[in-house]
C-alpha cells in the first residue's frame, strides 16, 4: 500500500485500480518465459488454457488470463481460438486440433475416408461432425469444418494416437455412412470411386439406420451392391 501523502507514479489512475493491477502484473512476472514453456510442455499439453496455467503455476484466474494475453501479444504463444493456446514451435497434429477446436466432435466424412484409404484423393479440409451447430474455422493455415449430427447417430468412432496425441475418428463404415448422409441430405450423388472391399456392408447398414432416414438406407444398399 502507499503511505499517506505518497503519490502514484500513474497520476491519472486511482489507487483502487492500480494496486490490483500491479499485483496481477507482479504475479505474472514470477512466471518467466522459460519456466512457463518448460512446465507446460512437460505436462504434454498440446493445447492449453487459462485454467491449465492457473493450476500449474498456482496463480489466480485473472493473473493467468493476463499472462496468456501478454505472451500472445508478444508472439511467444499463439491463440488458435478464444481461450485455446499453443506454442508456435510445438503445434499438435491437425487431427488432435480438430477435436479440441469444437467439442464434442469426431473426424469423419471425406477426411476420414482418405485416412482409411477408402477414397484415393488426398483431403486437405479436416472434416468432422458435432452434436452442436454446423461451423467452419480457418486456423493455422488449415480449414476445419463441422456438420451438425443428431445425438443418436453420434457414434462409430475410435481413439487413434498420433505423435503422442489422441483424437477421435470415425471407423471406415461410419465415415462412409456419414459422408453418404450429407450427400443425400444436400441432393448430391453418392461417391463413385471408393474401395468397397474396406467397407463392411452389414456394419454400415447398422450405422445408417441410426439416422432414421429411409432414403439413406436405400442409397447405401444400392451403393454397396
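Highest mobility in the GNM of the chain, judged by mean-square fluctuation with C-alpha springs under 10 Å and restricted to 126, 91, 169, is found for 91.
Taking 155, 43, 134 in turn, the Gaussian network model of the chain (Cα-Cα springs below 10 Å) assigns the largest fluctuation to 43. For the pair residue 160 and residue 49 in one chain, pulling the backbone fully straight at 0.36 nm per residue adds 37.6 nm over the alpha carbon distance. For region 61-103, the alpha-carbon coordinates run over 30, 23, 11 Å along the three principal axes, in decreasing order.
Taken along the Cα-to-beta-carbon direction at a fixed 7 Å, the label points for residue 91 and residue 215 span 3.9 nm. Each label was represented as a point 7 Å from its Cα along the Cα-to-Cβ direction; for residue 143 and residue 202 these points are 3.9 nm apart.
Distance between the pseudo-spin-label points of residue 42 and residue 131 (7 Å out from Cα toward the beta carbon): 3.8 nm.
Contact order for the chain, expressed relative to its length and based on alpha carbon pairs under 8 Å spaced 6+ residues apart, stands at 13 percent. Based on the Kirkwood radius over alpha-carbon pairs, what value in µm²/s does the Stokes-Einstein equation return for the translational diffusion coefficient of region 94-223 at 25 °C and 0.890 mPa s? So the translational diffusion coefficient is about 167 µm²/s. Legend: calculated FRET efficiency, residue 32 to residue 121, from the Cβ-Cβ distance at R0 = 45 Å, rounded to 0.05, equals 0.45.
Taken together, the values in this text are just the output of simple stated rules run on the coordinates, not laboratory data. Keep in mind that this is a model prediction, so the values were computed, not measured. Neighbour counts are summed over all protein chains in view; Cβ atoms, including those assigned to glycine, are modelled from backbone coordinates with ideal geometry.
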